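The values are calculated or read from the model by the stated rules, or taken from the named source; none is laboratory data. This is a predicted model, so every value here is computed, not measured. Quick reminder, even Gly has a Cβ in these numbers, built from the backbone with ideal geometry, and neighbours come from all protein chains shown.
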Amino acid sequence: MIVSFRNLDGKVQSVNVEITTRHYLSPGQPVLVSSDGEVVNVTSWTGLGYRVVSATTKERYGLKKMGLIQ
């Protein structure tokens with residue numbers, strides 16, 4: 001899926017992310033990981049104003065289960 005956020009310089013960036021449980025910071029729970037391997041946690045999601053640009057229904061359901069969207 002593609003999400004956007006406002007970086008620390010205030011510029012809007014888009015990045016590819018996936019929901020996975022195959023990341024070393026994922027203790028069996030799904031995490032959101034960017035294409036460069038960075039985990040996007042709830043604090044980052046909220047603080048940097050992440051928004052979904054494009055996602056499948058399954059991906060949106062996963063984000064909802066993680067508490068990242070309503």
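Which one of these is at pLDDT 95 or above and in contact with a strand residue (DSSP E or B) (Cβ under 8 Å, 6 or more places away or on another chain): Val33, Val40, Val3?
It is Val3.
So, Gly49, is that one touching a residue at least 12 places away in the same chain (Cβ under 8 Å), more than 16 Å from Lys65 (Cβ to Cβ) and of a type outside the set (Phe, Trp, Tyr) or not?
So Gly49 passes the test.
If you scan the stretch 11-23, which residues turn out to be in a loop (DSSP other than H, G, I, E, B) and either within 14 Å of Met1 (Cα to Cα) or touching a strand residue (DSSP E or B) at 6+ places or on another chain (Cβ under 8 Å) (or both)?
Thr21, His23
If you take the residues of the stretch 24-62 that are among the aromatic types (Phe, Trp, Tyr) and in a loop (DSSP other than H, G, I, E, B), which of them is surrounded by the most Cβ atoms within 10 Å (Cβ to Cβ)?
The residue in question is Tyr50.
Looking only at the stretch 8-23, count how many residues are under 16 Å from Arg51 (Cα atoms) and surrounded by 10 or more Cβ atoms within 10 Å (Cβ to Cβ).
8
Condition (residue is closer than 18 Å to Gln70 by Cβ and not hydroxyl-bearing (Ser, Thr, Tyr)) applied to the stretch 7-14: is it met by at least one residue?
no
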